[in-house]
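The values are calculated or read from the model by the stated rules, or taken from the named source; none is laboratory data. Values in this document were obtained by computation on a predicted structure and should not be read as measured data. Cβ placement follows ideal geometry from the backbone for every residue including glycine, while neighbour counts extend to all protein chains displayed.
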Amino acid sequence: MEQISPQHQEQQAQQEQRAQQEKGTSLWKDAWIKLSKNYLALFGLSVLAFLCIVSILTPWIAPYGYEEQNLMLGATAPSLQHWLGTDIFGRDMLTRIMYGGRVSLTVGFIATAVALIIGVLWGAIAGFVGGRVDAVMMRIVDIMYALPFMIFIVLLMVVFGRNILLLFLAIGAVEWLTMARIVRSQVMSLRKQEFVEAAHSLGLSQWTIIRRHIIPNTLGPVLVYTTLTIPSVMLLEAFLSFLGLGIQPPQSSWGLLINYGVETMEEYPWLLIFPGVTLSLTLFALNFLGDGLRDALDPRTSKD
Amino acid sequence: MALLEVEGLSIYFHSRNGVVKAVDNVSFSVDAGETLAIVGESGSGKSVTCYSLLDLLPKPPAKIEAGTALFDGIDLLSCDAAQMRRFRSNDIAMIFQDPMTSLNPFISIGEQLIEPLIYNEDKSRRQSRSDARLRAIELLNEVGITDSEQRFDCFPHEFSGGMRQRVMIAMALINEPRLLICDEPTTALDVTIQAQILALIKTLQQKRDVAVIFISHDLGVVAGIADKVVVMCEGTVREANDAEGIFYRTEDDYTKKLLAAIPEGAKLLPNRAQANQSMLRVENLKTYFRDYSKTPAGDIKAVDGVSLEIQRGEILGLVGESGSGKSTLGRSILQLAPITAGSIYFDGTELNTLSAAKLVPWRRKMQMIFQDPYASLNPRMTVYQTLAEPLLYHGLANARNIDQQVQQLMDDVGLARSSMRKYPHEFSGGQRQRIAIGRAIATKPELIIADEPVSALDVTIQAQILDLILNLVDKHNLTMMFISHDLSVVRYISDRVTVMNKGVIIETGNTETLWKNPQQQYTKDLLAAIPIADPRSERLRSSNL
């Protein structure tokens with residue numbers, strides 16, 4: 001409708017004003033403006049930032065050393081000396097949770113980043129090129145789905161030795177499969193859209209089209225799936241560590257702490273509650289931030 | 001008292017961004033045997049008005065603020081859900097715009113047809129399955145579906161668009177409603193099918209003495225069918241009168257604008273074609289699509305041996321109904337669809353043998369304008385980014401003068417410079433099409449293929465965009481292939497016309513010659529089916545059919 005109602009005009013005037021204020025605006029700048037108005041997302045961001053900073057500073061600010069045992073003390077409930085109590089070896093829980101955060105957060109972010117990069121590129125190329133390339137690429141994904149991932153990781157560990165960085169990569173290399181499928185299905189519907197055809201007829205190279213026109217339009221589902229991947233990766237690490245493939249005590253991670261906490265849940269509930277609360281808080285924060293980012297990166301949602 | 005009397009109806013939409021007055025103090029009435037047309041552009045509130053009568057609006061955000069709609073003395077807007085279901089099943093029926101999506105693809109059409117009979121809200125009116133089946137077959141015959149006994153058990157995908165719309169009409173009529181609401185029932189159909197469906201609605205109405213509310217954006221369609229016309233704009237009634245009053249004696253500026261915007265008559269600008277300067281030559285082009293369910297012999301022959309030539313500077317109109325292969329032909333020429341056989345020469349160079357890399361400089365010279373301005377722009381790129389991309393990619397601008405070049409483009413297509421940083425969703429359909437045109441002319445192309453560039457737009461916007469295109473063609477010395485199903489638009493814009501059907505060219509000629517003296521029967525049928533915004537000649541014509 002070319003004829004615009006007064007309301008609309010008013011809205012437009014406001015938008016123009018804003019546009020002038022934000023000269024040189026980009027998708028990311030707009031996104032930041034919108035994100036800064038979303039309190040839940042800001043809450044999520046602050047929680048994550050807090051946890052990251054604490055993790056980085058842990059060696060200096062932790063109340064005890066992570067190896068410090070006090071077998072005489074045993075498991076005690078929260079007290080003034082040990083705010084979150086101690087485990088059966090008399091180790092301070094707060095310290096262990098702080099050190100555990102270092103491992104869990106790194107695993108969560110690095111492994112997810114690996115999954116994200118491989119998955120998005122793989123899915124985008126398969127979906128965009130289509131035909132035989134797509135068929136071959138997706139059969140590889142199917143084969144990897146069918147491989148029991150434990151065997152895959154054990155194999156990696158045997159060949160390359162146990163190494164925490166390798167663990168990150170191995171988890172990432174398993175988690176990208178679903179991401180690739182999600183991105184592929186998105187791209188397949190996108191590549192039939194007229195704006196992609198228009199880009200073709202402008203003579204843009206395939207890679208430019210994928211980078212500028214395809215991938216940005218898959219951001220919504222990718223972000224949501226990413227926020228779901230991070231926690232599942234953290235729990236996967238716990239599982240691997242439990243089997244003796246990941247990190248080993250006295251080092252800790254949230255997943256491991258929860259695992260041990262479950263075993264002694266009835267006698268020493270705080271050993272489960274505190275790491276559990278920390279992990280849940282992180283997941284909440286991630287979900288809020290993920291939803292906020294998805295909305296903020298979609299130009300169709302309003303800036304107000 | 002009339003059958004339906006709507007009085008002071010106001011419907012507001014309450015959203016986060018404020019209140020939108022979708023319908024504001026609208027009144028009209030319609031009597032048995034009468035056809036009322038509600039005409040307006042998109043966003044005028046014409047559909048919202050009618051949906052509210054059957055309580056089909058999503059509430060919230062919609063809220064009926066005021067008004068009554070008395071049907072036989074009972075207010076439709078305040079009756080309870082059970083009463084409303086009785087009205088819906090027995091008294092008021094609706095036909096929707098898109099016959100492709102308004103039937104359930106998993107249920108046979110017969111089963112869908114008898115649903116209102118065997119599950120009637122009114123238990124006393126329920127019929128047995130066998131009775132209902134007989135009734136449905138009888139009705140299918142009446143709406144012009146042959147072999148209705150066999151087709152009763154067919155599924156919607158086995159029917160064409162026109163046939164599906166006939167089924168929809170049969171379904172609407174099966175409970176002998178007293179009021180039939182048609183929401184743009186022919187907009188999604190080809191012009192020849194449209195003429196048939198309109199004639200069908202009209203005969204059925206006369207036979208059964210039902211009242212009809214006919215919603216449309218097309219005054220041409222309304223002219224032949226309406227007794228009374230209500231013109232709506234931005235939620236209010238601009239004018240209400242009998243059909244002749246609207247078409248011949250209107251006083252209202254908006255109605256005048258609507259009537260004036262209907263493309264009519266021949267192209268006014270001179271033919272700029274330079275004789276003997278062939279720009280594009282297509283020889284025996286074939287584009288087939290593989291149908292995987294069939295053998296190679298069963299390929300879909302979208303374009304099946306087309307040869308044509310476009311002279312430098314001319315506008316060639318390409319006309320055809322849906323499925324004629326006209327869009328595929330355009331996309332094949334631009335190397336956007338892989339061709340099966342034949343050659344395409346641009347200035348003497350055979351394009352279809354070039355590699356993707358070698359094709360890039362040629363791509364710059366040929367651009368496309370797409371049909372749907374909502375799908376043809378990347379939703380995550382601002383106008384600036386959309387327009388700057390081709391300029392930078394082809395080295396037509398550098399970092400220093402890019403801003404100025406983009407502004408120049410925006411001026412060219414009539415967009416305000418201040419909206420440079422906005423995203424596509426912040427624009428109306430017409431403005432978006434301007435952005436898309438801007439992108440197409442950014443590379444300074446020589447040939448533009450416009451694929452139905454105005455068919456998704458309202459009639460007044462359509463007129464503006466057509467004039468913009470004509471202007472730009474003149475200013476930038478463009479050559480154009482203009483693809484459309486709308487014959488009036490093609491006549492208004494093109495120097496020569498090619499008519500296509502089922503993948504082959506039926507006839508080519510100078511526009512006016514072809515209009516006055518079509519050689520082929522298919523062309524004659526097409527031309528005869530164009531609706532004219534003139535009630536008297538429309539009535540004369542339909543009585544002759």
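Values as computed for the structure displayed
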read-out	value
Selection status of B:Arg380, facing chain A (nearest Cβ under 10 Å) and assigned to a helix (DSSP H, G or I)	no
Condition check for B:Ala261: within 17 Å of B:Gly220 (Cβ to Cβ), out of contact with any strand residue (DSSP E or B) (no Cβ under 6 Å at 6 or more places or on another chain) and either among the hydrophobic types (A, V, I, L, M, F, W, C) or touching a residue at least 60 places away in the same chain (Cβ under 8 Å) (or both)	yes
Test: A:Leu51 is out of contact with any Ser or Thr (no Cβ under 9 Å at 6 or more places or on another chain), under 11 Å from A:Met98 (Cβ atoms), not in a loop (DSSP other than H, G, I, E, B) and not hydroxyl-bearing (Ser, Thr, Tyr)	no
The stretch B:30-56 residues that are more than 22 Å from B:Met84 (Cα to Cα) and modelled with pLDDT under 85, paired with ones that are part of a loop (DSSP other than H, G, I, E, B) and among the β-branched types (Val, Ile, Thr) (beta carbon under 8 Å, 6 or more apart)	B:Gly33/B:Val210
Sole exception among (1) in contact (Cβ under 8 Å) with a residue 12 or more places away in the chain; (2) farther than 19 Å from B:Pro453 by Cα; (3) away from chain A (no Cβ under 14 Å) for B:Thr250, by number	(1)
Residue match in the stretch B:318-330 (condition: in a loop (DSSP other than H, G, I, E, B), within 14 Å of chain A (Cβ to nearest Cβ) and surrounded by fewer than 19 Cβ atoms within 10 Å (Cβ to Cβ))	no
Condition check for B:Ile107: surrounded by fewer than 20 Cβ atoms within 10 Å (Cβ to Cβ), at pLDDT 80 or above and β-branched (Val, Ile, Thr)	yes
Top-ranked residue in the stretch A:273-304 [being polar (S, T, N, Q) and at pLDDT 85 or above; ranked as nearest to A:Val224 (Cα to Cα)]	A:Asn287
Criterion (within 21 Å of A:Ile209 (Cβ to Cβ), among the acidic types (Asp, Glu) and either within 11 Å of chain A (Cβ to nearest Cβ) or not in a helix (DSSP H, G or I) (or both)) met by exactly one of B:Asp372, B:Asp403	B:Asp372
Looking only at the stretch B:406-422, and only at residues there that are surrounded by 21 or more Cβ atoms within 10 Å (Cβ to Cβ) and part of a loop (DSSP other than H, G, I, E, B), the one that is farthest from the other protein chains (Cβ to nearest Cβ)	B:Val413
Test: residue in the stretch B:447-455 that is in the same structural domain as B:Gly313 (by TED's automatic domain parsing), among the polar types (S, T, N, Q) and under 26 Å from B:His217 (Cβ atoms)	yes
Helices (runs of 4 or more DSSP H) contained in the stretch A:145-230 and holding at least 3 residues in contact (Cβ under 8 Å) with a residue 60 or more places away in the chain and touching a helix residue (DSSP H, G or I) at 6+ places or on another chain (Cβ under 7 Å)	A:164-190
Which numbered condition B:Ala397 misses (of (1) away from chain A (no Cβ under 11 Å); (2) over 30 Å from B:Ser494 (Cα atoms); (3) part of a helix (DSSP H, G or I))	(3)
Residue pairs meeting the criteria (Cβ under 7 Å; at least 6 apart or on separate chains; first among the aromatic types (Phe, Trp, Tyr), in the stretch B:365-383; second part of a loop (DSSP other than H, G, I, E, B))	B:Phe370/B:Ser376
Matching entry among A:Gly246, A:Gly255 (being part of a loop (DSSP other than H, G, I, E, B), away from chain B (no Cβ under 14 Å), closer than 21 Å to A:Val114 by Cβ and of a type outside the set (A, V, I, L, M, F, W, C))	A:Gly246
When residues of the stretch A:217-235 are limited to those that are more than 13 Å from the chain's Cα centre (by Cα) and buried (at least 18 other Cβ atoms within 10 Å of the Cβ), the one nearest to the other protein chains (Cβ to nearest Cβ)	A:Asn217
Restricting the stretch A:14-61 to residues that are within 14 Å of another protein chain (Cβ to nearest Cβ) and at pLDDT 80 or above, the residue that is surrounded by the fewest Cβ atoms within 10 Å (Cβ to Cβ)	A:Lys37
Options B:Ile215, B:Ile197, B:Ile201; residue that is in a helix (DSSP H, G or I), touching a residue at least 24 places away in the same chain (Cβ under 8 Å), within 30 Å of B:Gly323 (Cα to Cα) and within 18 Å of the chain's Cα centre (by Cα)	B:Ile197
Count of residues meeting criterion [touching a Leu at 6+ places or on another chain (Cβ under 8 Å) and surrounded by fewer than 18 Cβ atoms within 10 Å (Cβ to Cβ)] in the stretch B:201-226	1
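To keep it simple, each residue is scored yes or no on (1) small (Gly, Ala, Ser); (2) modelled with pLDDT of 90 or more.
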{"residue": "B:Leu487", "(1), (2)": "no, no"}
{"residue": "B:Met500", "(1), (2)": "no, yes"}
{"residue": "B:Gly503", "(1), (2)": "yes, no"}
{"residue": "B:Thr508", "(1), (2)": "no, yes"}
{"residue": "B:Leu514", "(1), (2)": "no, no"}
{"residue": "B:Lys524", "(1), (2)": "no, no"}
{"residue": "B:Leu527", "(1), (2)": "no, no"}
{"residue": "B:Arg536", "(1), (2)": "no, no"}
{"residue": "B:Ser543", "(1), (2)": "yes, no"}
